[in-house]
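Student: The structure follows.
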Amino acid sequence: MAEEQQQVFEPPESFVKNAWIKDESVYKEGEDYRSFWAKRAEEMIDWYEKWDETLVEDPPYYKWFVGGKLNASYNCLDRWIEKGKGDKLAYIWEGEDGQVRKFTYKELHKEVNKFANVLKNLGVKKGDVVSIYLPMVPELPIAMLACARIGAPHSVVFAGFSADSLRDRMTDAGAKYVITCDGYFRRGKLIDHKTKTDEGIEGMDVKSIVVRRGGNDVNMKEGRDYWWHELMEKADETCEPEVMDAEDLLFLMYTSGTTGKPKGVMHTTGGYLVGAATTMKWVFDVKDDDVYWCTADVGWITGHSYIVYGPLALGVTSIMYEGTPDYPKPDRWWEIIEKYKVSILYTAPTAIRMCMKKGDEWVNMHDLSSLRLLGSVGEPINPEAWLWYYRVVGKERCPIVDTWWMTETGMHIITPLPGVTKLKPGSATFPFPGIKAEVRDENGVVPPGQKGELVITTPWPAMLRGLYHAHDKYVEEYWSKYGLGKFYTGDGAIIDEDGYFWLLGRVGDVLNVAGHRLGTAEVESALVDHPSVAEAAVVGVPHEIKGQVPFAYVVLRQGYSPSDELKKELIGHVSKLIGPTARPSDILFVDDLPKTRSGKIMRRILKKLASGEEQIGDTTTLQNPEIVDEIHRELKDYLNK
Ligand code: 7RM
């Protein structure tokens with residue numbers, strides 16, 4: 001690693017002065033996790049009735065705040081109005097076409113109450129699962145909160161997913177209602193969403209509510225499809241929040257597991273809200289006057305916890321943006337930050353690398369002096385991208401919180417506290433107070449500096465409570481490999497001599513090259529360290545002697561073109577930074593990498609391609625399925641040369 005990448009970054013004094021958490025005493029307090037979380041539950045959330053027991057531990061079953069009564073939508077809306085913050089903005093929504101819609105807490109409350117009544121009038125009852133298949137429009141959080149208000153668990157299906165994905169998830173969840181829209185905008189193109197929804201629910205006994213966003217012509221089926229705006233016109237403006245049990249299901253979130261069939265991760269009301277609110281406050285250090293922007297889609301867990309429940313449970317003002325970062329031009333994000341004086345930005349490494357590739361000038365065109373904190377989530381962030389984010393976006397003033405967590409954890413697990421933690425670029429640093437984690441292998445806890453698998457050894461309030469209708473899978477997937485009480489994350493990790501956690505990606509992405517364990521992320525990081533490389537994906541391909549060798553796909557930055565010399569140089573660079581075992585056996589220069597809708601590189605597909613397999617599998621859930629054929633062609637040409 002280059003020297004600057006080994007630098008340690010202290011929190012700026014000015015930041016520490018005003019931070020909620022200024023010293024390490026919270027870690028000490030977290031050692032008794034029951035009392036720690038009980039305290040947070042009292043501070044962060046308003047309860048109708050206090051819980052009898054903070055935690056009932058019966059591994060692999062955990063119940064938090066047992067007997068406690070609350071309502072999530074009350075905590076996100078009503079209480080802010082009661083506290084005199086009703087006129088504060090909850091959301092500033094910007095459409096890709098430049099349209100702006102603003103909602104104060106009062107206005108959001110009104111919409112949520114009305115829609116809660118719409119649902120009730122259509123026959124939705126407490127306990128019924130409601131599917132929501134909406135893009136990034138304000139009706140998405142409104143629908144979620146309306147469900148929470150009446151005690152109907154929601155199951156949001158990312159709008160980019162296919163008709164089949166919607167059908168599978170609705171069938172698994174037993175959902176009888178879906179909230180969808182006519183169409184929406186993506187890179188200036190109108191996307192017909194209603195036709196896709198119709199395909200998904202064809203032949204099912206369900207009702208749909210259709211938001212008008214695209215304005216495109218749609219086919220409304222009598223007795224099945226209803227316009228959102230028509231139902232809202234007639235709806236009453238008050239709907240009393242349902243008194244929910246802390247352990248009542250708040251939502252399901254489907255996520256792909258090892259088998260490929262998506263699993264319905266269950267999150268309950270009390271613990272989830274306590275976890276989301278606490279991390280929102282401590283990790284993002286939000287204050288009353290912050291303008292916070294999380295660029296994720298609400299259809300992912302990141303959007304659930306850190307666009308909807310976390311920010312609203314703290315009465316924060318958030319930006320919600322409909323479109324892509326580079327539309328109409330590569331400075332769209334920076335323009336939004338300048339326009340709304342965003343102070344906290346939370347995004348993903350893949351987006352950071354893309355912005356880096358477009359060039360600093362797009363960032364430098366704008367006044368970003370409102371920013372005071374930056375966040376990262378979704379993948380390991382390579383030190384190169386970290387430093388770019390720190391320097392070019394944050395102008396060396398803003399701490400970066402690299403937050404490691406999963407759909408299953410519901411909240412940040414390994415993360416800096418920005419007023420306390422000394423940062424090392426590329427490390428998610430330490431477990432959040434109240435949480436303990438280890439790095440293990442078959443022989444037990446591994447010594448510092450050695451690779452193993454990340455395991456969480458204490459329960460935390462926002463942890464999943466199970467997989468919907470898949471109990472055995474729940475036990476097998478999370479509590480079998482290292483036993484009950486040790487939550488198996490499936491991520492590779494190293495703890496260094498100073499106790500810092502370095503996440504290495506999913507364990508499936510760990511190679512074994514001639515007996516050396518090597519994270520694909522490590523090789524990728526070394527490649528991206530080279531000035532010519534914008535993004536890299538590394539996969540293991542079979543090798544007669546070494547078992548596996550790394551094969552690299554590389555996207556070059558603007559101004560560089562592929563050549564054999566450059567290839568040699570890159571291979572040499574990896575060898576220099578990590579060692580000869582990490583040398584890629586070959587490098588293919590490509591225009592883009594196949595990615596999931598949430599921006600995670602699909603190494604599974606790249607691996608099959610590089611290994612010459614013909615059966616690539618399902619690519620419909622990708623953001624850019626066309627790139628797969630392109631790479632396939634390029635590889636064939638390349639091998640024939
Ligand atoms: C929040 C989210 C979970 C997987 C997880 C990791 C990877 C997420 C980081 C990270 C390194 C990070 N939920 N991951 N955050 N890896 N550093 N800060 O992404 O369920 O969609 O994905 O994402 O591999 O297991 S998720």
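Student: Could you give the length gained on full extension between Glu53 and Ser162, defined as 0.36 nm per residue of separation minus the Cα-Cα distance, in nm?
Tutor: Numbers: separation 109, 0.36 × 109 = 39.24 nm, distance 4.26 nm.
That works out to 35.0 nm of additional length.
Student: Now for a different question. Near Lys106, which lysines are there with a Cα under 20 Å away, not counting those fewer than 8 places off in the same chain?
Tutor: Once the sequence-local lysines are set aside, what remains near Lys106 is Lys83, Lys85, Lys88, Lys114, Lys234, Lys287.
Student: Please state the charge dipole magnitude for segment 162-227, taken about the Cα centre, from unit charges on C-beta atoms (+1 on K and R, -1 on D and E), reported in debye and rounded to the nearest 20.
Tutor: Working: 13 positive and 12 negative charges, 76 e Å.
With Lys and Arg at +1 and Asp and Glu at -1, about 360 debye.
Student: Shifting gears a bit: If one computes the Cα centroid of segment 605-620 and of segment 10-47, what distance in Å separates the two points?
Tutor: 46 Å
Student: Let's test the formula: R0 of 30 Å, r as the Cβ-Cβ distance of Lys636 and Tyr327. What FRET efficiency results, to the nearest 0.05? Numbers along the way, then the final one.
Tutor: Details: r = 32 Å, r/R0 = 1.08.
Once rounded, the FRET efficiency stands at 0.40.
Student: Just want the answer: with Cβ charges of +1 for Lys and Arg and -1 for Asp and Glu, which residue in Pro584, Trp47, Gln623 is farthest toward the dipole's positive end in the chain?
Tutor: Trp47
Student: Still on this structure: Quote the charge dipole size of the chain about the Cα centre in Debye, to the nearest 20; the model charges only the Cβ of Lys and Arg (+1) and of Asp and Glu (-1). Please report the intermediate quantities before stating the final value.
Tutor: Working: 78 positive and 97 negative charges, 56 e Å.
That gives a dipole near 260 debye.
Student: Under 28 Å between alpha carbons, and skipping anything fewer than 8 positions from Lys481 in its own chain: which lysines qualify?
Tutor: Lys63, Lys261, Lys263, Lys436, Lys451, Lys473, Lys546, Lys600, Lys607, Lys608
Student: Distance between the C-alpha centers of segment 552-569 and segment 338-373? Whole Å please.
Tutor: Measuring centre to centre over Cα atoms gives 26 Å.
Student: Can you give me the convex hull volume of the Cα atoms of segment 26-86, divided per residue and expressed in Å³? Please list the in-between numbers first.
Tutor: Values: hull volume 6.3 nm³, N = 61.
Each residue corresponds to 103 Å³ of Cα convex hull volume.
Student: Please list 188-200, 131-143 highest first by mean number of surrounding beta-carbon atoms within 10 Å per residue. Don't skip to the answer; put the middle values down first.
Tutor: On the way: 188-200: 18.0, 131-143: 26.3.
My ranking of the peptides, most packed first, is 131-143, 188-200.
Student: Students often check this: by mean Cβ neighbours within 10 Å, which of 403-416, 268-281 ranks highest, and how do the rest follow?
Tutor: Values: 403-416: 25.4, 268-281: 27.4.
The packing order, highest mean first, is 268-281, 403-416.
Student: Where only protein heavy atoms count, and the probe is 1.4 Å, what is the accessible area per residue for the chain in Å²?
Tutor: On the way: 24680 Å² over 641 residues.
I get 39 Å² per residue for the chain.
Student: Among 243-255, 568-580, how do they line up from the highest to the lowest mean number of other beta-carbon atoms within 10 Å? Write out the running numbers ahead of the final one.
Tutor: Details: 243-255: 21.8, 568-580: 15.9.
The densest-packed peptide leads the list: 243-255, 568-580.
Student: Restricting to bridges with both residues inside the chain, how much of the DSSP beta-bridge set is antiparallel, in percent to the nearest 5? Intermediate values should be presented prior to the final figure.
Tutor: Working: 60 of 97 bridges.
Antiparallel bridges make up about 60 percent of those DSSP assigns within the chain.
Student: Which of the residue pairs Lys329/Lys358; Lys329/Lys567; Lys69/Lys126; Lys357/Lys568 have a Cα-Cα distance greater than 19 Å in the structure shown? Walk me through the intermediate numbers first.
Tutor: Details: Lys329/Lys358 10 Å; Lys329/Lys567 31 Å; Lys69/Lys126 15 Å; Lys357/Lys568 21 Å.
Those over the limit are Lys329/Lys567; Lys357/Lys568.
Student: Let me know the charge dipole size of segment 439-529 about its Cα centre in debye, to the nearest 20, where only the beta-carbon of Lys, Arg (+1) and Asp, Glu (-1) is charged. Present the calculation step by step, with values, prior to reporting the outcome.
Tutor: Working: 8 positive and 14 negative charges, 83 e Å.
Taking the Cα centre of segment 439-529 as origin, the dipole is about 400 debye.
Student: Here's something else I'd like to know. How high is the relative contact order of segment 288-390, given as a whole-number percent (alpha carbon pairs under 8 Å, six or more residues apart)? Before the final figure, lay out each step's value.
Tutor: Values: 127 pairs, mean separation 29.8, N = 103.
So the answer I get is 29 percent.
Student: What ³J(HN,Hα) values, in whole Hz, does the Karplus curve 6.51 cos²θ - 1.76 cosθ + 1.60 give for segment 319-327 when θ = phi - 60°, with x put for Gly and Pro?
Tutor: For segment 319-327, the Karplus-derived couplings read 8, 10, 10, 6, x, 9, x, 10, 10 Hz, x marking Gly and Pro.
Student: From the P(r) of the chain, can you give the percent of Cα pairs sitting at distances over 41 Å?
Tutor: Values: 47558 of 205120 pairs.
It works out to 23 percent of all Cα pairs.
Student: Also, quick follow-up: Quick one: check the C-alpha center-to-center distance for segment 189-228 versus segment 456-501, whole angstrom.
Tutor: The distance from the Cα centre of segment 189-228 to that of segment 456-501 comes to 39 Å.
The values are calculated or read from the model by the stated rules, or taken from the named source; none is laboratory data. Keep in mind that this is a model prediction, so the values were computed, not measured. Here the Cβ is made from the backbone with ideal geometry for all residues, glycine too, and neighbour counts use every protein chain on show. Note: areas computed on protein heavy atoms with side chains; ligands, DNA, RNA excluded. Shrake-Rupley method; radii C 1.70, N 1.55, O 1.52, S 1.80 Å.
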